[in-house]
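The values are calculated or read from the model by the stated rules, or taken from the named source; none is laboratory data. As the structure is a prediction and not an experimental result, all values here were calculated from the model. No Cβ is skipped: glycine too gets one built from the backbone with ideal geometry, and neighbour counts run over all protein chains shown. Remember, those area values only see protein heavy atoms, side chains included, never the ligands or the DNA or RNA. Shrake-Rupley method; radii C 1.70, N 1.55, O 1.52, S 1.80 Å.
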Amino acid sequence: MIRDIVKYGDPVLRAKGARVARVDDGVRQLAADMLETMYDAHGVGLAAQQVGVALQLCVVDVSGAEDRPSTLSIDGVEVPVEGRMPLVLLNPELELKPGREVGVEGCLSFPEITADIPRAPAVVIRAFDLEGQEVRFEATGLLARALQHEIDHLNGVLFIDRMSSAARAGLAGRLKRLSRG
Ligand code: ZN
């Protein structure tokens with residue numbers, strides 16, 4: 001089922017997600033709905049907060065973005081990214097590798113707004129999947145960026161918080177209109 005995507009201004013986007021204690025039918029349905037909603041909106045990631053649920057659950061699929069490459073490595077061995085998509089991550093923990101890379105980002109909760117955002121060029125993720133299995137991998141490129149963006153959402157952090165103050169000031173009018181609905 002496609003769910004409504006929460007837009008900027010809704011307080012749930014500022015809520016820190018509760019940890020998923022147990023994978024039950026509700027969590028599986030939420031994950032399935034989030035994937036359907038993300039694909040319908042042509043996004044590369046979606047966090048539970050964006051469908052109104054403050055839970056540590058996000059989905060990511062960068063396989064359609066051929067112009068913005070990604071890598072994914074497990075135990076130091078690079079594996080084909082497409083074969084691992086989509087990712088459904090529960091209670092993800094993020095380790096940022098050193099360095100900064102600026103790239104353009106959008107967010108389904110901020111329609112028609114994009115901005116350059118600095119992010120770590122690579123991340124190590126530790127999370128659980130829907131089978132309750134621990135997953136651990138390293139990502140670079142668009143995948144690393146999408147994961148940082150989505151895991152920010154799970155902690156109530158939004159991409160506007162990562163923009164330069166000049167960029168945010170330039171968007172102030174649009175953000176105000178968006179938050180008024
Ligand atoms: Zn977003």
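Would you check if Gly64 is outside any loop (DSSP other than H, G, I, E, B) and on the phi < 0 side of the Ramachandran plot?
For Gly64, the condition - outside any loop (DSSP other than H, G, I, E, B) and on the phi < 0 side of the Ramachandran plot - is not met.
In the set Gly141, Gly132, Gly99, which member is exposed (fewer than 14 other Cβ atoms within 10 Å of the Cβ), out of contact with any helix residue (DSSP H, G or I) (no Cβ under 6 Å at 6 or more places or on another chain) and over 21 Å from Leu57 (Cβ atoms)?
Gly99
Filter segment 9-47 for residues that are surrounded by fewer than 15 Cβ atoms within 10 Å (Cβ to Cβ), touching a residue at least 40 places away in the same chain (Cβ under 8 Å) and among the hydrophobic types (A, V, I, L, M, F, W, C) and give the result.
Answer for segment 9-47, where residues must be surrounded by fewer than 15 Cβ atoms within 10 Å (Cβ to Cβ), touching a residue at least 40 places away in the same chain (Cβ under 8 Å) and among the hydrophobic types (A, V, I, L, M, F, W, C): just Ala41.
Whether any residue in segment 116-131 is aromatic (Phe, Trp, Tyr) and in contact (Cβ under 8 Å) with a residue 60 or more places away in the chain is what I want to check.
Yes, segment 116-131 contains a residue that is aromatic (Phe, Trp, Tyr) and in contact (Cβ under 8 Å) with a residue 60 or more places away in the chain.
Conditions first: (1) in contact with a helix residue (DSSP H, G or I) (Cβ under 8 Å, 6 or more places away or on another chain); (2) within 16 Å of the ligand (Cβ to nearest atom); (3) open to solvent by 40 Å² or more (accessible area, probe 1.4 Å). Leu158 passes all but one, so which condition is the exception?
Going through the list (1) in contact with a helix residue (DSSP H, G or I) (Cβ under 8 Å, 6 or more places away or on another chain); (2) within 16 Å of the ligand (Cβ to nearest atom); (3) open to solvent by 40 Å² or more (accessible area, probe 1.4 Å), Leu158 breaks only (3).
Could you list, in sequence order, all residues of segment 47-76 that are within 13 Å of Thr140 (Cα to Cα) and more than 15 Å from the ligand (Cβ to nearest atom)?
Listed by number, the residues that qualify are Arg68, Pro69, Ser70, Thr71, Leu72, Ser73, Ile74, Gly76.
Among the listed residues Gly173, Gly99, which satisfies the condition of being away from the ligand (no atom under 16 Å from the Cβ) and not in a loop (DSSP other than H, G, I, E, B)?
Checking each option against the conditions leaves just Gly173.
Residues that are under 15 Å from the mean Cα position of the chain (by Cα) and open to solvent by 10 Å² or more (accessible area, probe 1.4 Å): does segment 72-84 have at least one?
No, the conditions are met nowhere in segment 72-84.
This table checks each residue for (1) among the small types (Gly, Ala, Ser); (2) modelled with pLDDT under 95.
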position	(1), (2)
Cys107	no, no
Phe110	no, no
Ile125	no, no
Phe128	no, no
Ala144	yes, no
Leu147	no, no
Val157	no, no
Arg162	no, no
Arg177	no, yes
